[in-house]
Amino acid sequence: MNKLNHKNVQLVNDLFSEANQSWDVNNLYKNLTKVKQVGAAKKVELTAVEKTILRGLLCGYSPQQIANEIHWTSGSLSVELTKGLYRYIETLTNRDLNTLKNWRDIVKWLEEAGYKTSQPQQDSLEELNISRFYGREEELQQLEEWIVEQRHRLILLSGMTGIGKTTLAAKLAKTIQPKFDYVFWKTIRHDSSLSSLLNNLLKFFTGNHQNHLSLTINEQISLLIRYLSCYRCLIIFDGLEAILEANKLAGFYQENYTNYSQFLKRIAEESHQSCLVITSQDEPADLFLLQQNPIKSLSIGSLGTAAKEIFREQGLAEPQLWQYLIIRYSGNPLVLKLIAAIIKDIFGGNISDFLGMKTEIDVMLPTLFKQLLSKQFERLSILEKQIMYCLATHRQSVTLKKLQEYIKPPVYLSDLTQALVSLKRRSLIEVSSLSNKSAFTLQPLVMKYVYRESQQLM
Ligand SMILES: Nc1ncnc2c1ncn2[C@@H]1O[C@H](COP(=O)(O)OP(=O)(O)OP(=O)(O)O)[C@@H](O)[C@H]1O
Ligand SMILES: [Mg+2]
């Protein structure tokens, strides 16, 4: 058996610390110490090594794996377990001595004895404030059905900026988290490399000290899928558009992020018991090509009448005009919140005064929203921008044929069609029927934005 020097003691103290996140480890130490002290000649404590081995078992490591981690031989560890921890745990869980047949039962027994904490580990889900969450009952019901009942493995929530994708995903995660062993929330940023993201997830399972960056992406994914098979996990990737390509049609990954496609495909198609929920302004194009286990996709639209609560919250007057405002602003909660604040602060809560202030296109758009929309606008291809300006100028539904006539220089119908599909995937246009033909128009909020932009360009 290796002697533990100071450095090693520190090392074992840190090992398998992820057990703290889902087990009441301190209570367990305390109660196992009591068991250990029964019949002992002097006052003994659980040793640092015993605590570490216990945490390892709680994390699902085999005795052999634990031995490797703490640099013991498996024989030494087996002796340690047989004369110590295994017997203490049998006593603690009211079993006869020497009845443990499989180390895996430790987790089961201790869970039955109530040592597993009900709160699963989260990333930053807790930081998301959803104390004021309104409506979305149907969406939540649909998502729960897909995830909890039908056990789909890949879900997409798409919709324009401010429509409430992040808020809905947070509400969903908080609602269904008791059905999962672990919930992970990952906000995707423009520099979120898949490798470091997977490394962080893997570290949770294998211990903080272990780095998986030297593995290939495929190896990282395979390892993660093994954990996603052992545990039922809910992972949320919020804001996938951050790593999607700009100036191209919607839903293609930026050059260094194409491996996300491989990851999402494997999550959807390989067997495991977990679920990945993605939110994105743009629908990733590749996800719709999945054959074996198609993605479930929900496009998030107006908050509807539930948005009246936003006005109530701000103490606005004239409730008879609330529905009118909701329609005017396409039920976009972000815009409605910003508008409600403007009406409250500048117009003393009086909606008629605000509506009396006519602008070029009937109502104003809050600056913050325009900034967010302009970010989305920047990602469009040249042809997509042309279509947007064209639809803003015409201000009503335009058929494909007409659109082709309007766009200069002329474009192929196939290119035009692809650009329209792309705009639809970004929730920027709406499709309706005009004399039995598909016709296209801008999403009303987008219309206001593009119209203003086009005026400034003139
Ligand atoms: N159901 C809701 N009830 C109350 N407020 C909501 C609701 N949905 C969204 N909001 C509010 O609207 C704002 C925008 O929501 P959120 O950030 O979720 O939008 P998003 O679709 O994720 O936008 P982006 O694409 O820019 O990330 C937030 O301030 C949020 O609190
Ligand atoms: Mg968001």
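Structure notes:
- Residue tally, condition of a type outside the set (D, E, K, R) and farther than 30 Å from K265 by Cβ, over the range 281-335: 28
- Figure legend. Inter-residue proximity from the range 126-155: first residues without any contact (Cβ under 8 Å) to a residue 24 or more places away in the chain and under 30 Å from S229 (Cβ atoms), second residues hydroxyl-bearing (S, T, Y) and away from ligand 2 (no atom under 16 Å from the Cβ), beta-carbon distance below 7 Å, spacing 6+ or different chains. No pairs are indicated.
- Selection status of S330, of a type in the set (S, T, Y) and in a loop (DSSP other than H, G, I, E, B): yes
- Screening I176, I188, I235, I221 for residues that are touching a Gly at 6+ places or on another chain (Cβ under 8 Å) and either at pLDDT 85 or above or within 16 Å of ligand 2 (Cβ to nearest atom) (or both) leaves exactly one candidate, I188.
- First in the range 61-73 and within 13 Å of R104 (Cα to Cα), second anywhere and at pLDDT 80 or above and among the polar types (S, T, N, Q), Cβ under 6 Å, 6 or more apart: Q64/S74
- Yes/no for W109 being in a loop (DSSP other than H, G, I, E, B) and away from ligand 2 (no atom under 16 Å from the Cβ): no
- Within the range 388-414, considering residues that are assigned to a helix (DSSP H, G or I) and in contact (Cβ under 8 Å) with a residue 40 or more places away in the chain, the one surrounded by the most Cβ atoms within 10 Å (Cβ to Cβ): L391
- Number of the condition not met by K375 [criteria: (1) among the basic types (K, R); (2) over 31 Å from the mean Cα position of the chain (by Cα); (3) loosely packed, with under 15 Cβ neighbours inside 10 Å]: (2)
- Yes/no for P366 being in contact with a Leu (Cβ under 6 Å, 6 or more places away or on another chain), modelled with pLDDT of 90 or more and closer than 28 Å to K165 by Cα: no
- Close pairs from the range 162-184: first more than 8 Å from ligand 1 (Cβ to nearest atom), partner of a type in the set (K, R), Cβ under 7 Å, at least 6 apart: F180/R232; D181/R232
The values are calculated or read from the model by the stated rules, or taken from the named source; none is laboratory data. Since the model is a prediction, treat every value here as computed from it, not as a measurement. All Cβ positions, even for glycine, are placed from backbone atoms using ideal geometry, and neighbour counts span all protein chains on display.
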